[in-house]
Amino acid sequence: MTELAFWVIAIVLVSSALAVVLLRNVFRAALLLIVCFFGVAALYITLNADFLAAAQVLIYAGAIGILLLFAIMLTRDLHSGNPFHRLHLPALVLSLLLLATIIGVVIGTDWTTISEVPQVVEMPLDEPTTSYIAIALFDQDNGFVLPFEIASVLLLAALIGAVVLVRREGKD
Amino acid sequence: MSVWEYIVDLFVNVRTDWIEWLQGFNLASSLIILLDSLIGIILMLIFVFPIVIIFIWLERRFIAWMQLRPGPNRCGPFGLLQPIADAIKTLIKELIMPAKGDKLVHWLAPVVLFFSGLMLFAVIPIGKGHLGALADLNIGILYIVAIGSLSVTAIFMAGWSSNNKYALLGAMRAVAQLVSYEVPMVLSIVGVVLIVGSLQMSEIVGQQSYPFILVQPLGCFIYFIGAMAELNRSPMDQIEAESELTTGYFTEYSGMKFATFFLGEYISTLAIATIVTTLFLGGWKGPFLPVWFWFVFKVFAVFLVILWMRATLIRVRIDQIMAFSWKFLLPMALINIFITAAEVLIWDKWMSGWESFPWPFIFVNWAIAVVLILLWSKIFFKLGGGRVEVGEVRPGYSQGYGADLQAPVS
Amino acid sequence: MNFWLLSPELSLCGIALAVVLLDLVIEQKKVLAVISVFGLIIPIAFTIALWGEQQASFSGMLVVDNFSLFFKFLILGISALVIISSVDYVKKFARFQGEYYALILFSTGGLMLMCSTGELISIYIALELASISLYALVSFLKDPKSSEAGLKYMILGAISSAVLLLGMAFVFGITGSTHLDQIADKVSTLVSGGQLWDSPALLFGIVLMVAGFGFKIASVPFQMWVPDVYEGAPTPITAFLSVASKAAGFAVILRVFYTAFGIEAISADWGMIFAVLGAISMTLGNVVAIAQTNIKRMLGYSSIAHAGYIMVGLAAISTLGKSGVLFFLAGYALANLGAFIAIIAISNKTGSDEISDYSGMSRRSPVISFILAFCLISLIGIPPTVGFMAKFYIFNAAIQQDLLWLVIIAVLNSTISAYYYLRVVKVIYIGEPLSDEPIPSSIPMRVSLAITSIGVLVLGIYPWIVLRLAETAVVTFP
């Protein structure tokens, strides 16, 4: 069952990801990117990562996808699509080289499996993950409290920066 | 089990019997899950569609009653058959497709909206226990938030694919408004989640020995207003304002596609009403009468409040809507989270026996809510009440809307 | 969780928030600069009070040792000088002066955290905190050039972040941890064969991380953003970018590479990566700088070249090399800040950054011109300035590690760099003045100019003041 689901999701995921890159119609590409995000969420579900799946849909499909569509709507000359330019071929060669390198690295490495690594939280399979994620994040002894707090400062700085850049000059 | 006991929790009992009957056949467990979902979906549709049809009728009659006019009263008794007549009329109308529009996306948009609305019902409990909801997910409320954000995509697809400037403007407003209101809406839910300590919907209802509106008045208020904006309902229906945008993103929709859109909107409305019921009004809980009755009763009560607002309040300007979200609802939602978190800590430490009815918190929270709303609205209006500030017109530029986009007038 | 160890960053965030909030009520925006500068004394005091501490907190994510405290002190000092020298400059902005100071403080906080985290995710998020504040600051002027600079910086910065994250993901994938010390344990078993090639994923991760951090320190081939961003950004921010951001970048590189990948079997390998990158960086930076006519662009290329010099210290894997990097960064910060503050003072009056407009500046403002010339001489590396001592020290370290070829390239490059720095000095002293108007300088300007120029001179004569600190700081690493 899970294997079948994986292959269906994988095919949808890869084909929509390819379509995002290859389609000339930018709007449809963005919509397919949202489909792609959903595919990733579905993959998470097959891995029993329910919280992660919902967060994926909420953040990527819900927020980032919409932001992308919004940016597209504010773009001029959209109907000309993604224009050709002379760096197309070098870019293709470079990305293929990078792909080959990554594939080579992934195949050539003797990967560490999860059982060999100390876990932050010991968690049984087939159980809801929300509370375990919370423990892994906020545990006093080996949680990720510091980066979490830095992230909140980061968001504040980003908000202030965005307000500064977007607002018009002149008096209030 | 007496007949009455069977009826009290009708949905759950039907489903339990069905599963038991299935188990008698020695089927594979995955097949049982599949067939169980099937009956669940059918029960859900039986629940959803009649109510939606009644909603459509009720909206017209109720508003007519409030506006001192008869409303539709020709089809059947009290015009009860009017929605069916409407449906037949729209279904046989011509499907118009804008010549330069994106045909595929134009078709998909209403479907996406329709199903994103329907998907919300999967986690809503209309009966006791885990079988009360079609799928009592562990991350229930998060699922609702995640799926709820999908309707924006649908609206956007509709606006874009119509190749019509009014449709696009409507979609643009929609995205700006929905994205803005999603933030306070989600934050207002956090208060409830903090009290319950779980995201599961059955757990949220199970812990409400008293409706959570009593301890979360501010959260309920913010969620309700946010939901009105998410539904594009008056007074927040700037997105589809007839008078200025010729109904916004579905300007170019007709016939079956329009009907799907229309139905999708009512399904979303029903979904929001059920969510408000579940989160803040105690869900299916209630004395004496069957649980499904209490649930439907509360849903209708919420819907009538929505209608009441539509009939009473006038449409707000788009900049006022945006400012209201960012300058009014968002800070209040944050304050609400802070207060609730503090209270949960106090609760855990000193008040372990108060779960059944914590009246000091109820009193304090209502006082805080009233004072905050009054104070903040004063500040809100003092700071311009959501007027968009228009920058100084630079010398050499023409005045008027979008002046800064034009080239200098030399 | 030991909040005492986090006190510099916490107090800094408090000041930044106070500036944002007070901005709402204070009409006289100069007060905000005063609050920011005097507020910075609090984190500086905490940093000094923590000196000598050797602890980790927040489950090993916050590492407080002399090394991180050295950099915190350096970055806080740079931030204070940048804010002092911005007081006159911010009159260019019609509004948002409070946000300007607050963003500088937030960015400072990010850079400080970068220097003192022992965990990859914290490093990444701290780096983003610093960068995102800087993206906004770079485009603060909102004219076409500044906006272009901000956009370029942001897009390239985002790509470099992605590369860095991919590298971290590979390292995490192969070692199963994001904590640097745990990574080190795992790495030593992974490369037990003594070859980095044994584990391609580790090698690939290291290369990607070098690329990601290389963007931060502006080394070739990740330097494309430097000239445009330096030219377009508000000049105080250019100064901040060129010294604080670079210092934090090197701090992270030192910490990550010496803690996580510090075992001898592989340190020679990444040392060679840095040696080659350093040689290319300084050559390209110096050669292209010759052709520049805009002084900010010129200093941009000079900063690429200096990244190359500092990488010589990274390539020499020894205590001398590490402390040399720290000392070089401190000296470079002083000299470069001095030069930039002088440029700010001059451009506040003339409104131009073209070198030709500096003609005869010595007659219009002898003191500022002298300090500018003095700082440029320090950037060449001529005694009695700190630049000479720093280069001497770092090249010495490289020679001891048999990197003679690299030192020869570096010395040749210093000779090339003399050409374009001295050209500016020549224009200032020999050219005909374009007008007779003197260049005014306010008290904050004079203070910051005095601090930097005296620092350049004193450290050039008594380098031991800072070298001792640098040597105690790098004891952290094996």
Go through region B:153-166 residue by residue and turn each phi into a ³J(HN,Hα) via Karplus (6.51, -1.76, 1.60, θ = phi - 60°); whole Hz please, and just put x for glycine and proline. 4, 4, 4, 5, 4, 4, x, 6, 6, 6, 6, 9, 5, 5
Using +1 at the C-beta of Lys and Arg and -1 at the C-beta of Asp and Glu, which of C:Ser122, C:Gly98, C:Ser68 has the Cα lying farthest in the positive direction of the dipole of region C:57-157? C:Gly98
Cut-off is 10 Å between beta-carbons; in what order do A:His88, B:His106, C:His306, B:His130 appear when sorted fewest neighbours first? A:His88, B:His130, B:His106, C:His306
In chain A, which helices (entire DSSP H runs) extend 27 Å or more along their own long axis, judged by Cα positions, while averaging at least -0.5 on the Kyte-Doolittle scale? A:2-22, A:26-46, A:88-108, A:145-166
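Mind checking A:54-66 for the average number of partner chain beta-carbons within 10 Å of each residue's beta-carbon?
If you average over the peptide's residues, the count of other-chain Cβ atoms is 6.
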So which lysines can B:Lys382 reach, going by Cα to Cα under 26 Å and dropping same-chain residues fewer than 8 places off? A:Lys171, B:Lys327, C:Lys29
Listing C:Phe215, C:Phe71, A:Phe51 from the residue with the fewest other Cβ atoms within 10 Å to the one with the most, what is the order? A:Phe51, C:Phe215, C:Phe71
Any lysines with Cα under 19 Å of the C:Lys152 Cα? List them, leaving off those in the same chain fewer than 8 positions away. C:Lys142, C:Lys216, C:Lys246, C:Lys296
Output the 0 to 90 degree angle, nearest 10, between the alpha-carbon long axis of helix C:30-50 and the longest principal axis computed from the alpha carbons of chain C. 30
Within 10 Å of the Cβ of an average residue in C:198-206, the count of other chain Cβ atoms is 4
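In Å, the Kirkwood hydrodynamic radius of the protein assembly as shown over pairs of distinct alpha carbons?
Details: mean 1/r = 0.0308 Å⁻¹.
This gives a value of 32.4 Å.
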Within 10 Å of each Cβ in C:107-117, how many Cβ atoms from other chains are there, averaged over the peptide? 2
Sorted from fewest to most neighbouring beta carbons within 10 Å, what does the list B:Met172, C:Met209, B:Met185 look like? B:Met172, B:Met185, C:Met209
On a straight-distance basis, which lysines could pair with B:Lys100 in a cross-link, Cα separation under 20 angstrom, same-chain partners fewer than 8 positions away excluded? B:Lys165, B:Lys257
So if I place +1 on the C-beta of Lys and Arg and -1 on the C-beta of Asp and Glu, and nothing else carries charge, what would the dipole magnitude of chain B be about its Cα centre? I want it in debye, nearest 20. 1020
Decide, for region B:1-69, between rounded, prolate and oblate: order the square roots of the alpha carbon gyration tensor eigenvalues as a ≥ b ≥ c, take rounded if a/c falls under 1.5, and otherwise choose prolate if a/b is larger than b/c, else oblate. oblate
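Every read-out reported here was derived from the displayed coordinates using simple, explicitly stated rules and does not represent laboratory data. Computed from a predicted structure; not experimentally measured. Here the Cβ is made from the backbone with ideal geometry for all residues, glycine too, and neighbour counts use every protein chain on show.
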